[in-house]
Amino acid sequence: MISAVELLQDLVRIPSPSGQEDAVVARLEDAFRQLGLAPSRHGRNLTALLDGGEGPLLLLNSHTDTVPVGTEWTKAPLSATIEDGRLYGRGANDAKGPLTAMILGAARAFQQDAPKGRVLLAASCEEEVLGQGLEKLLPLLPRPDAAVVGEPTGLRPAVAQKGLIVLEITAAGRSAHAAHGGGLNAIEAAARDVLALSKIRFEKMHAALGSPTLNVTQINGGARHNVIPDRCTLVVDIRTTPDYAPEEIVATVTRAVEGRVRVRSSRLGSVETDPAHAVVQAALSANPSARPYGSPTLSDWVFLKGIPTVKVGPGESQRSHTPDEFIEVAELEAGVIFYERLIRDYFAKAAQ
Ligand SMILES: [Zn+2]
């Protein structure tokens, strides 16, 4: 069987920023065949079914795209060199490492003493932009009984994930020549809204995720130094929890500000899974030292609402999207063993 390190090096050496995954998908198709799996392509998404017979369907999903390489690297970002046990490269940690571990872990689980049930491997594209990937792929697949999303979590199972609402708040004023006075300054109105937003508190504490956060992340107003601006726009980033309906959060913000509120995005909801569910318990028995936690970052899990899901994989989230991104070879190899165990434990628990 091809080794995890070799496969990951191949994948890292093929650049795959979102939307440009074709070459990396072609390499994965070869890898699937080498492993005796039958790949099936849906656009730039790739799937394979591992069939151990009658039993539940477990979806194993991770993504092939990466964020752009970016700047400030001291290592070569696409050469997948290994130094002091660390494999460097864009995507090594997010998420080609978890993806590699997932594929090999699943292949190993079905190579000998295959579990009773089916695993659907899905390598999806455009996760980083939540575009043409899992959301488009899911309706083409049989509905899974449970799912695992492969992201770098230090092999700790995330049982909840925050959602995202993006709002635009536009303060309106009346322009005038700054020297003559008069007019109505939209930047001052927006400033009052920024202060009002900073005072909003979301009291309900979620056990895994805490409370929602709200941050003004962009402000745009004024055209010239000598014109009182008639318009100023704020962009607000809100990370939500399952305790609040998106409409409730939008209503709270709307009550607090003077400006006009426009919802730019609210489709990426918060998700959670009962920690007692078999898929979470399988992840915990595959890594008994781990405690379940709540993840503040988005992933393809947002598209799996209603399907019991755990987000877990080798590597660390803090290294994602950074220069000198890496995964430790030891982490990668532990990931292969972890996913194999998770699969075996899940089907064993499901059969009880
Ligand atoms: Zn990722």
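When both region 167-229 and region 33-110 are represented by their alpha-carbon centers, they are found 43 Å apart. Of the residues LEU121, LEU11, ALA186, the one whose Cα sits farthest towards the positive end of the charge dipole of the chain is ALA186 (charges of +1 on Lys and Arg Cβ, -1 on Asp and Glu Cβ, taken about the Cα centre). With a cut-off of 15 Å on the backbone N, the residues of region 48-72 near the modelled label site 7 Å out from LYS349 along Cα-Cβ are 56-59.
Which semi-axis lengths, in whole Å and largest first, follow from the square roots of five times the eigenvalues of the Cα gyration tensor of region 1-99? Display every interim value, and only then the final one.
On the way: eigenvalues 141, 46, 28 Å².
Taking √(5λ) for each eigenvalue gives 27, 15, 12 Å, largest first.
With charges only on Cβ, +1 for K and R and -1 for D and E, what is the dipole size of the chain about its Cα centre, in debye, rounded to 20? Write down the numbers at each step before the final one.
On the way: 36 positive and 41 negative charges, 178 e Å.
Charge dipole of the chain: 860 debye, to the nearest 20.
Applying the criteria of a DSSP loop state and at most 10 other Cβ atoms within 10 Å to the GluC sites (Glu not before Pro) of region 139-235 yields GLU203. Cross-linked pairs LYS162/LYS311; LYS96/LYS311; LYS116/LYS349; LYS136/LYS349: Cα-Cα separations exceed 19 Å for LYS136/LYS349. For region 239-253 versus region 261-324, the spacing of their alpha-carbon centroids is 19 Å. Going by neighbour counts of Cβ atoms within 10 Å, the residues SER18, SER198, SER211 line up, fewest first, as SER198, SER211, SER18.
Placing unit charges on the Cβ atoms only, positive for Lys and Arg and negative for Asp and Glu, gives region 198-352 a dipole magnitude near 700 debye about its Cα centre.
Per 0.36 nm of contour for each residue apart, how much would the distance between HIS177 and ILE2 grow if the chain were fully extended, relative to their Cα-Cα spacing?
On the way: separation 175, 0.36 × 175 = 63.00 nm, distance 7.08 nm.
The HIS177-ILE2 span can extend by a further 55.9 nm.
Residue order for TYR293, TYR88, TYR339, fewest other beta carbons within 10 angstrom first, comes to TYR293, TYR88, TYR339. Among the helices of the chain, those built from whole DSSP H runs whose Cα atoms reach 24 Å or more along their own axis and whose mean Kyte-Doolittle hydropathy is at least -0.5 are 329-351.
Take every pair of alpha-carbon atoms less than 8 Å apart whose residues are at least six positions apart; their mean separation over the length of region 31-146 yields a relative contact order of 41 percent.
Please report the orientation-averaged projected area of the chain, defined via the convex hull of its C-alpha atoms, in nm². Write down the numbers at each step before the final one.
Working: hull surface 79.3 nm².
Value for the chain: 19.8 nm².
Under the simplified labelling scheme, the ARG143-ALA23 pair shows an inter-label distance of 4.0 nm, with each label point 7 Å from Cα along Cα→Cβ. If you wrap the tightest convex hull around every Cα atom of region 264-352 and split its volume per residue, you get 113 Å³. Each of GLN218, SER175, ILE238 was placed along the dipole of region 163-268 (beta-carbon charges, centred on the mean Cα), and the one lying farthest toward the positive end is SER175. Residues of region 138-164 with an amide N closer than 19 Å to a point placed 7 Å from the Cα of LEU49 along the Cα-to-Cβ direction: 138-148. Backbone N atoms of region 82-96 closer than 11 Å to the 7 Å Cα→Cβ label point of ALA330 belong to residues 85-86.
Assuming a viscosity of 0.890 mPa s and a temperature of 25 °C, what translational diffusion coefficient in µm² per second does Stokes-Einstein assign to region 163-268, Rh being the Kirkwood radius over Cα pairs? Working shown, then result.
Details: Rh = 14.6 Å.
Approximately 168 µm²/s, per Stokes-Einstein.
Taking neighbour counts of Cβ atoms within 10 Å as a proxy for exposure, in what order, fewest first, do LYS75, LYS96, LYS116 appear?
Working: LYS75 16, LYS96 35, LYS116 13.
Going from sparsest to densest Cβ surroundings: LYS116, LYS75, LYS96.
Quote to one decimal, in nm, the extra length available between SER198 and ARG41 on full extension: 0.36 nm per residue of separation minus the C-alpha distance between them. List each step's numbers first, then the result.
Details: separation 157, 0.36 × 157 = 56.52 nm, distance 4.71 nm.
My answer for the length gained is 51.8 nm.
Just so you know, all these numbers are worked out from the coordinates, no wet-lab data involved. Nothing here was measured: the structure is a model prediction, and the numbers come from that model. All Cβ positions, glycine included, derive from the backbone under ideal geometry; neighbour counts span all protein chains shown.
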